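Step one of this worksheet: look at the structure below.
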Amino acid sequence: MKKITTLVALLGLGVATVACAETREDVQNRLDNATLVLHQIMAAPDNGIPQEVLEHAKCIAVVPHMISGGLVFGAENGRGVATCRTENGWSAPAFFAITGGSWGLQIGVEGVDLVMVFQGDRGMQRLEDAKFQLGADASAAAGPVGRHATADTDWKLNTEILTYSRAKGLFAGLTLTGADVRRDDSSMDAFYGPDTSTHRVLRGEVATPPSANPFLDAVRDAKAQAIAAN
């Protein structure tokens, strides 16, 4: 009973964390942590995101140190950062929050790094809409892992969003069914000021603040490393 109470309290803390106001320093720390996550994942290409997936990526999103826990069904709470491919390169980062659950035995609470790869214009549109549910509004599946995606998977044709997780150094595809993704108003306001739309940011209509360049460099490096590993 004590363990259950502790778990509920920690998950409640995660929800509160997502809901609280953010400062510019908070948002910058998230950008820095997301950059580190991408560098660490791509440092082991045999266990990373396949070259083919990165080549078709329209947007890439990272949620560093997401709080994940569950009893019978899981609960995820976290704040993330995303960028999308434009005619002039990768866009300035937009910020989002993720809450919700997925079925499965997930006993305990731990920090999990989440990476989402949005494929094609439909995937990008979901992110621009700033509010959708994985598995309901947008098709999502655990992404393939390794240098190359196997030919017998349907990841390219039928899935808008590929999801990955890293916990305790292990990187793998992750199924996130029922998780809600929405615009992180507090973080967007803290980083850009009020009334900056997610659509304009991800379409490349908002200039990239210099402090976000390391994150965008990590996204570009991830693709370059994947191709070099071919």
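Name the residues whose placed amide hydrogens come within less than 5 Å of the amide hydrogen of residue 86, ignoring near sequence neighbours (fewer than 5 apart) on the same chain.
91
If r is the Cβ-Cβ distance from residue 36 to residue 122 and R0 is 25 Å, what FRET efficiency results, to the nearest 0.05? If you can, show how the numbers build up before the last one.
Values: r = 30 Å, r/R0 = 1.19.
The pair residue 36/residue 122 has a calculated efficiency of 0.25.
Between residue 24 and residue 217, what is the spin-label point distance in nm, taking each point 7 Å from the Cα along the Cα→C-beta axis?
Result for the modelled spin labels: 2.1 nm.
Given the peptides 33-44, 165-176, arrange them by the average over their residues of other C-beta atoms within 10 Å, most packed first. Could the numbers behind the result be given before it?
Working: 33-44: 18.0, 165-176: 15.7.
For the peptides 33-44, 165-176, the packing ranking is 33-44, 165-176.
What FRET efficiency, computed as 1/(1 + (r/R0)^6) with R0 = 22 Å and r the Cβ-Cβ distance, is obtained for residue 172 and residue 139, rounded to the nearest 0.05? Could you put the intermediate results ahead of the total?
Numbers: r = 19 Å, r/R0 = 0.88.
That gives a FRET efficiency of 0.70.
Bear in mind that the values in this text are calculations on the coordinates, not laboratory data. Quantities reported herein were computed from a predicted structural model and do not represent experimental measurements. Neighbour counts run over all protein chains shown; Cβ positions are idealised from the backbone, glycine included.
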